[in-house]
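Structure record follows, encoded as structure tokens.
All of the numbers you see were taken from the coordinates with simple rules; none came from a lab. None of these values were measured; they are calculated from a predicted model. Every residue, glycine as well, gets a Cβ built from its backbone with ideal geometry; the counts of neighbours run over all protein chains shown.
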Amino acid sequence: MVESEIQSIKQRFGIIGNSSLLNHAIQVAMQVAPTDMSVLITGESGSGKESFSKIIHHLSPRKHNQFIAINCGSIPEGTIDSELFGHEKGSFTGAHEARKGYFEVTSGGTIFLDEIGEMPIGTQARLLRVLENGEFIKVGSSKVLKTDVRVVAATNVNLMKSVDEGKFREDLYYRLSTVPIYVPPLRDRGNDIELLFRKFATDFAEKYKVKPIALTEDAKETLLQYRFPGNIRQLKNLTEQISVLSSEDKLITKETLLKYLPGNNNQLPALYQDPEKSNQHISERDLLYKVLFDMKKDMNDLKKFVLEALQTEGSAHQVIEDHSELFENLDNNSLHHQKSVIPDEPVLLNINSDHSQYDDDASEIQDITHETEEDDSLSIEKKEKELIIKALMKNNNKRKYAAKDLGISERTLYRKIKQYELEDL
């Protein structure tokens, strides 16, 4: 029963393909459509996310009311609040008359907010109020208005990463993603690529009054192996290009197809990123500190060893044997970084000889040892705190610019300021 309903939805909305990932996404859209829950559609650009927003609207009780699709990335930051929530006359330069926003005129219907990750932070706060209370205020007004709008959002970016970078509100993310729908990229849909190619080839043959193009077996294999970073949109444009520019012979070979594939990078391996670890970021600065402190510890151990060797009457071999564990545990990375300063010829010290001539050196080494032991208390956290204080002082306590100088997000800086109790700085 479910499969027949899915096939019916595909025919109604012109969706081509039999991929299990695609069918699952359609099934979730069908199940959530009758409710008023917010939906977040994720997927790469060109994968067909807008089709799922239409499925949700037309299968919902709001289907007889208005449906508006808005690309948040295409509206300038200075006017997006006016576009979405409206404005009063004279509220800003050029506002010669009052205007209703999309949330007012679409009350009772559905708003599809595409590329929600591009929405400015200030507008995100206004949207959160709409989602939580159904309330909004026009630009230049103090009157609270009500609206009954269902919000379906879509994005092709990792919103959790944007949250960590301070570019997207965490509370809005969880409010939007009540029900998530993942639209698979074309490269993960297997033979759907060939089905879509044939559909587009037929459509363009009718449009341009030409014979439909077809693929040889090796050309089909090449098409299925191509990764299609632009997804369905790219495949459609590719099919149209070949339909128009191909010769009278409409049977497309592998060699002909390769001429139309941009970059011919279908054989290149893809960089895999574990989604469970995608939000775990290690600062290059932290890694550098770790390497430096490891090297510092090794150098301190070596200084102590040399001092003991100079002050010991026994043989050098006995001292080395007593400290064999030290040499075995020396960090390989530290040795690698120090390799360039090791002389080509070994330097031999006669440890057994009268070492009174080294008394001054031993005293100096002893002083250095005590000094470095004190320096060991300088942790990464302490150094990090000093850097944050310097950045804040340099930028007159303007955290936005301080974060930029430090190479971290404002959100991370706020967390560090709280951690190191620098709020009153």
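Tabulated results
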| quantity | calculated |
| --- | --- |
| Distance histogram in 5 Å bins (all Cα pairs of the range 83-154, percent per bin) | 4, 16, 26, 26, 17, 10, 1 |
| Per-peptide average of other Cβ atoms within 10 Å, ordering 241-247, 101-107, 67-73 highest first | 101-107, 67-73, 241-247 |
| Mean Cβ neighbour count within 10 Å, used as a protection proxy, ranking 170-180, 253-263 highest first | 170-180, 253-263 |
| Distance between the range 1-56 and the range 159-216 - C-alpha centres, whole angstrom | 11 Å |
| q = 0.09, 0.12, 0.14 Å⁻¹, the range 1-155: log10 I(q)/I(0) [Debye, one scatterer per Cα] | -0.32, -0.55, -0.71 |
| Greater than 31 Å apart at Cα, pairs in LYS167/LYS382; LYS89/LYS400; LYS10/LYS100; LYS211/LYS259 | LYS89/LYS400; LYS10/LYS100 |
| ³J(HN,Hα), Karplus 6.51/-1.76/1.60, whole Hz, each residue of the range 65-71, x for Gly, Pro | 9, 6, 10, 10, 9, 10, 8 |
| Separation of alpha-carbon centers, the range 406-423 and the range 62-86, rounded to whole Å | 34 Å |
| For the range 41-90: rounded, prolate or oblate by the Cα gyration tensor [a/c cutoff 1.5] | oblate |
| In order through the range 247-261: 3J(HN,Hα) via Karplus (6.51 cos²θ - 1.76 cosθ + 1.60), integer Hz, x for Gly, Pro | 6, 4, 6, 8, 8, 8, 8, 4, 4, 5, 4, 4, 5, 9, 7 |
| Calculated diffusion of the range 1-70, Stokes-Einstein form, Kirkwood radius summed over Cα pairs, 37 °C and 0.692 mPa s, µm²/s | 260 µm²/s |
| Shape box of the range 144-213 [Cα atoms, principal axes, largest first, Å] | 58, 32, 20 |
